[in-house]
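Enquirer: My questions all concern the structure below.
The values are calculated or read from the model by the stated rules, or taken from the named source; none is laboratory data. Quick caveat: nothing in here was measured; it's all calculated off a predicted structure. Glycine gets a Cβ as well: all are built from the backbone with ideal geometry, and neighbour counts include every protein chain shown. Just so you know, the surface numbers come from the protein's heavy atoms only, side chains and all, with ligands and any DNA or RNA stripped out. Shrake-Rupley method; radii C 1.70, N 1.55, O 1.52, S 1.80 Å.
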Amino acid sequence: MALVLHAGSGNKNAFKALIAAEYSGIKVELVKDFQMGVSNKTPEFLKMNPIGKVPVLETPDGPVFESNAIARYVTRLKADNPLYGSSLIDYAHIEQWMDFAATEVDASIGKWLYPRMGFYPYAAVSEETAIAALKRALGSLNTHLASNTFLVGHSVTLADIVLTCNLYLGFIRILTKSFTSEFPHVERYFWTMVNQPNFKKVIGDVKQAEAVPPVQKKAAPAKEQKPKEAKKEAPKEAPKPKADEKPAEEEPKPKPKNPLDSLPPSKMILDDWKRLYSNTKTNFREVAIKGFWDMYDPEGYSLWFCDYKYNDENTVSFVTMNKVGGFLQRMDLCRKYAFGKMLVVGSEPPFKVKGLWLFRGSEIPKFVMDEVYDMELYEWTKVDLSDEAQKERVNAMIEDQEPFEGEALLDAKCFK
């Protein structure tokens, strides 16, 4: 009997087995006219998977469920399949990245996306936790992919298939360009993968989400109408004196304005600079850097270098990058008034953390210093624009120049 896969035609978990089959020369038929919520509730389907989840693969030896297990089964049908690498350590690393794709990437995307789609109750705090976890995972992945085209070795493996399929749902539903631009190596990797012929044959053309989907609000259940009772007239009371009347409720006071909103208008439009930075893909020096200095208003904005005071503690690369990521999350309260670049420098520990920040006003905003505890962990130095060496350092940090000050650039993050 042929291998038959039970799932919808757009199911990203079904894609894993179908793509693996294309690479392995294995014939897998996708069942026709599958209807989620109908086909997976039939007695025949529940015999294959009692909890009714998809996908399920029918094989001559019985059914297999769970998408990664199905993808492994299909891959192993071909002897010495290169999708499983060429050595025991390759095999271990492929399994490692498959677990990472499931527990760190897929789970975090789901915890962000599914409540917004109405599948689970929405809670802003839970969403923030999910986004932070996803950024941590993508940051680590970005570091690995900075020096690797594929996850393991020098060609596509099952790990790449599983991870790309998990990223696929995020890219098409919730991971907008403004979110993924923080992870350029992940972006490069994803678009490289989905444009491989065997991927494209299964997935088709991929279009990235343009906006984060709004939270789906469920309609409140209709209240049960009770039969109307005949109204009983209450005895009339004498009108109370006006002195006893309840005063009208006061209107809520408007929130106090941020002091930065009261500064004189600046010729520099921060959003214009952020847009130029994001959209410049080539000739960065000639376009973005030159554009920055053309826009920059020293009367309305100030530039600051920051250097982490405790670099000796930065002995583990991913911990150091997570530390920087947490700092940028806490800086979110000043996104309207700031732009920043944070660099993790060095090829060996201890790693150095350095940054460049553009703030509205001539000083670092007081509310940032008061509310972001990380600020005191850095040494802050105002950029002297009369010093050409300092201006060139600004250029190098905006550009993610490598080597930076003679050392390798481990990671670069942008706050915009």
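Enquirer: Once every DSSP H run of n ≥ 4 in the chain is given -39500 (n - 2.57) and the sum is divided by its residues, what mean residue ellipticity at 222 nm do you get, rounded to the nearest 500 deg cm²/dmol?
Expert: Taken over the chain, the calculation gives -11500 deg cm²/dmol.
Enquirer: Can you tell me how much longer the chain between residue 2 and residue 124 gets when fully stretched, taken as 0.36 nm per residue apart minus their C-alpha distance, in nm with one decimal?
Expert: 39.3 nm
Enquirer: Something else now. Name the residues whose placed amide hydrogens come within less than 5 Å of the amide hydrogen of residue 209, ignoring near sequence neighbours (fewer than 5 apart) on the same chain.
Expert: 172, 173, 174, 175
Enquirer: Hey, another quick one. Using a 7 Å offset from the Cα along the Cα-to-Cβ direction at both residue 99 and residue 407, what is the distance between the two label points in nm, to one decimal?
Expert: 3.2 nm
Enquirer: Need the full-extension length gain, residue 191 to residue 66, defined as separation in residues times 0.36 nm minus the C-alpha distance. One decimal, nm.
Expert: 42.4 nm
Enquirer: Still on this structure: May I have the extent of the alpha carbons of region 3-203 along their three principal axes, as whole Å values ordered from largest to smallest?
Expert: Principal axes ranked by extent give 45, 44, 27 Å for the Cα atoms.
Enquirer: Where in the chain are the DSSP H helices whose alpha-carbon span along the long axis reaches 24 Å or more and whose Kyte-Doolittle mean is at least 1.0?
Expert: Flagged H segments: there are none.
Enquirer: If you roll a 1.4 Å probe over the heavy atoms of the protein chains, what accessible area per residue do you get for the chain, in Å²?
Expert: So the chain comes to 57 Å² accessible per residue, rounded to a whole number.
Enquirer: Determine the percent antiparallel among the DSSP beta bridges restricted to the chain, to the nearest 5.
Expert: Here the share of antiparallel DSSP bridges comes out near 90 percent.
Enquirer: Kirkwood hydrodynamic radius, the chain, all distinct C-alpha pairs: what's the number in Å?
Expert: 25.5 Å
Enquirer: I'd like the distance separating the alpha-carbon centroids of region 26-45 and region 119-150, in whole Å.
Expert: Here the answer is 32 Å between Cα centres.
Enquirer: Label points 7 Å out from Cα along the Cβ direction at residue 310 and residue 278: separation in nm?
Expert: With each label placed 7 Å out from Cα toward Cβ, I get 3.4 nm.
Enquirer: Explain nothing, just the number: relative contact order of the chain, from Cα pairs under 8 Å at least 6 residues apart, as a whole percent.
Expert: It comes to 12 percent, rounded to a whole number.
Enquirer: Could you check how much of the accessible area of region 266-415 is carbon and sulfur, as a whole percent, using a 1.4 Å probe?
Expert: C and S atoms contribute 49 percent here.
Enquirer: At 0.36 nm per residue, minus the direct Cα-Cα distance, what do residue 42 and residue 299 gain on full extension? Give it in nm, one decimal, please.
Expert: That works out to 85.5 nm of additional length.
Enquirer: Of all beta bridges DSSP finds with both residues in region 1-117, what is the antiparallel percent, to the nearest 5?
Expert: 70 percent
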